1. Percent of accessible area on the chain owned by carbon and sulfur, 1.4 Å probe?
2. Which GluC sites (Glu not before Pro) in the stretch 530-567 pass both tests, a DSSP loop state and at most 16 other beta-carbon atoms within 10 Å?
3. Sorted from largest to smallest, which semi-axis lengths in Å does the alpha carbon gyration tensor of the stretch 429-545 give for its equivalent ellipsoid, taking the root of 5 times each eigenvalue?
4. Compute, for the chain, the length of the dipole vector about the Cα centre, with Cβ point charges of +1 (Lys, Arg) and -1 (Asp, Glu) only. Units Debye, rounded to 20.
5. For the stretch 368-496, would you read off the P(r) tail past 23 Å as a percentage of all alpha carbon pairs?
6. Report, please, the projected area of the stretch 274-356 averaged over directions, based on the convex hull of its C-alpha atoms, in nm².
7. With equal scatterers on the alpha carbons only and no solvent term, can you work out the Debye log10 of I(q)/I(0) for the stretch 459-504 at 0.15, 0.17, 0.27, 0.28 1/Å?
8. If you count, for each residue, the other Cβ atoms within 10 Å and average over each peptide, how do 491-504, 259-272 line up from highest to lowest?
Amino acid sequence: MRKVAPFLCGFIIVSLFFIYAKRLENRLPQACSTTLPAHQFRAPQTSFPFHVDLKTALVFQGNRADSHVLAAYQQILAEEGFAYELVPAAALLNYSAKKLKERYVALILPEEINQNIPPPVVHLLERYVLDAGGKILLGADAGAIDGEGARRAQGLFAALAGLQYGWPKAGGEVKEPAGNRYEGTLLIPEGSPLRKYFDPVLFDRDALKVFDCPPVKDAYFPIANAGANVLAYTDRQPPENACVLQKNYAGGGVVLSVNGSPGALKARENVDFVLRPLLKYFLLELVGQPRLVASPGGTAGLVLAVHVCSGAYFRDLDRILAWKLFSQEIPFSFFVTAGPDNDRPGDKRGVDVCNPKKGRRYVEALSRYGSVGAHGGWHHNYWAYHYNELSAEEKKEYIDWNYQALQEVTGRPVTDYAAPGGRHDPEINDFLAAWGTKAVSAPLAFHSPPTRAWFNGRQEKRFWLFGYTGTTYGTAFENMLAGGRKPEQIVADICKLIDALVEKREIRLLYFHPVSIARHPQMWRAIQSYILQQVEEGNLSVRTMSDFAGFLARHEKVRFSIRKNERGYLVAASCPDSLKEMTFALPLEQNTRLKNAAGLKIKEKNGWTYVTILKDTRQVKLQLSATKTGA
């Protein structure tokens with residue numbers, strides 16, 4: 001009888017779990033059938049010249065080629081697969097306005113590094129926009145300083161951009177305000193065409209609101225009058241609050257002015273989701289520049305990261321495994337804090353992965369559903385709450401123990417890392433790199449695709465940073481629930497986010513802990529069902545963090561050129577590793593399509609044609625011929 005009793009107790013507990021789950025079935029939708037359609041990303045009409053590499057000029061003045069702001073623009077352009085060329089401002093004078101339009105598909109003049117651009121260049125660019133129909137993305141401070149270093153009353157581009165600075169006046173003279181700039185929170189109105197390039201679940205009315213991150217504030221110049229369309233603004237009173245303005249001209253010319261410092265936000269604060277959407281809006285929506293899409297097969301990508309921090313989640317994992325809540329059709333990325341303790345050394349509240357009666361059996365079970373990565377330094381909460389008290393030697397020792405234990409249990413290399421409690425600094429990057437870490441998840445570069453993080457004024461290129469993506473209520477499901485969001489609302493939010501990612505074709509990371517899906521299984525089933533639907537339809541790829549990092553490392557090495565010719569497009573590309581799954585996005589004229597060819601997959605949507613290389617090859621030269629389809 002004593003032998004039967006434990007079995008009966010276990011049977012009763014599991015049965016109660018199933019009854020609990022059944023009662024929840026009618027409370028939540030099974031999938032996101034009621035989500036609104038995402039905004040479409042339609043290619044503009046283009047008129048590119050023949051037999052010229054289609055690329056953008058990234059313009060800098062004087063000796064500013066080593067600027068961190070310029071490096072941030074270069075980084076995002078490269079990560080998003082836009083061909084560009086660094087061009088000194090003076091070199092533009094070698095071209096007429098018409099020839100400049102034929103040479104480059106667009107010009108980008110970043111903030112801070114073009115403040116003293118000379119008047120002859122400004123005059124050329126006026127003709128480039130007004131006569132040749134050229135397109136410019138312009139830091140609003142360009143031309144704001146004269147040759148002697150003094151602030152001009154109005155920047156040299158003010159009239160062309162459709163703005164006027166609103167410097168205070170005293171005694172009839174312009175007086176520059178203290179600190180040069182004001183600060184304000186970025187807001188993007190519902191009707192702005194720029195808004196769809198930001199995550200739809202990020203907005204609190206018009207304001208960008210990022211959980212676990214201070215309000216997105218940026219420095220900007222006060223504007224006295226805006227003669228252009230205001231796409232984004234700040235929380236100050238109009239008209240001085242305009243921060244993204246677009247001026248369209250009859251001949252097709254466009255000036256997109258950015259009154260702020262998105263490049264500096266990227267390089268100095270790892271705020272990635274301001275500069276990236278601005279560049280993508282300009283180059284995709286206004287210019288229609290072809291690109292090498294930064295995701296496998298050119299579809300959206302998703303990392304499902306599950307953090308297993310302590311032994312407190314054992315009961316939740318029992319439910320998850322018993323109810324088979326993790327689908328085996330998609331891989332998960334599990335991050336485990338491996339030590340025996342949690343809040344303090346010796347408390348025995350940790351996962352304890354080396355103990356077959358505790359964490360080992362769970363890690364072995366989870367490894368069948370995906371990859372297992374390191375979640376920091378051995379004791380989760382002790383690491384998170386005492387991080388600043390730990391010496392460099394202690395941090396290295398804890399990280400080493402965590403990696404060693406997980407590799408011993410799984411029998412596989414550990415190449416992913418997630419920061420416990422978000423505690424991360426440059427000091428431990430060397431420790432992670434020594435273990436061959438390919439990807440790191442940390443609370444930097446929120447709501448952005450994977451990127452190279454900045455630490456102490458330089459890019460960390462040894463691993464890819466996967467920032468957290470969530471909603472205004474939180475980054476993890478538990479935060480959203482704690483913030484007052486109901487399970488059915490979370491389902492709708494996440495499905496809305498996935499719809500947006502499918503349209504933007506971006507890779508993102510969603511993370512959560514076992515507790516949220518074990519206690520709200522139908523919420524998770526509805527979300528997972530929608531993810532599986534998008535995967536089945538070919539709109540989404542779910543992979544581990546290391547898998548995506550491997551693709552991005554190859555993407556980073558690709559050298560390519562895209563030219564328009566009489567037959568269609570000529571694409572040449574090479575990579576020292578492999579071009580497999582690399583995808584080129586090409587705009588086509590209305591009622592035109594590209595002919596399919598062996599070794600390629602071609603899909604069309606909203607005026608863009610996506611050409612994916614299916615072969616494992618290192619070099620291609622593709623003549624993609626276009627044909628008319630009729631009205």
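1. Working: 12970 of 26070 Å².
Heavy-atom surface of the chain belonging to carbon and sulfur, 1.4 Å probe: 50 percent.
2. Working: sites: GLU536, GLU537, GLU556, GLU566; in loops: GLU537, GLU566.
Answer by residue number: GLU537, GLU566.
3. Values: eigenvalues 153, 57, 35 Å².
Gyration-tensor ellipsoid for the stretch 429-545: 28, 17, 13 Å.
4. On the way: 76 positive and 63 negative charges, 382 e Å.
That gives the chain a dipole magnitude of about 1840 debye.
5. Values: 3307 of 8256 pairs.
Value for the stretch 368-496 (Cα pairs over 23 Å): 40 percent.
6. Working: hull surface 38.0 nm².
Approximately 9.5 nm², given one-decimal rounding.
7. -0.48, -0.57, -0.95, -0.99
8. Put in order of decreasing packing, that is 259-272, 491-504.
The values are calculated or read from the model by the stated rules, or taken from the named source; none is laboratory data. Bear in mind the structure is a predicted one, so any value in this text is a computation, not a measurement. Here the Cβ is made from the backbone with ideal geometry for all residues, glycine too, and neighbour counts use every protein chain on show. Just the protein is used for accessible areas: all its heavy atoms, side chains included, with ligands, DNA and RNA removed. Shrake-Rupley method; radii C 1.70, N 1.55, O 1.52, S 1.80 Å.
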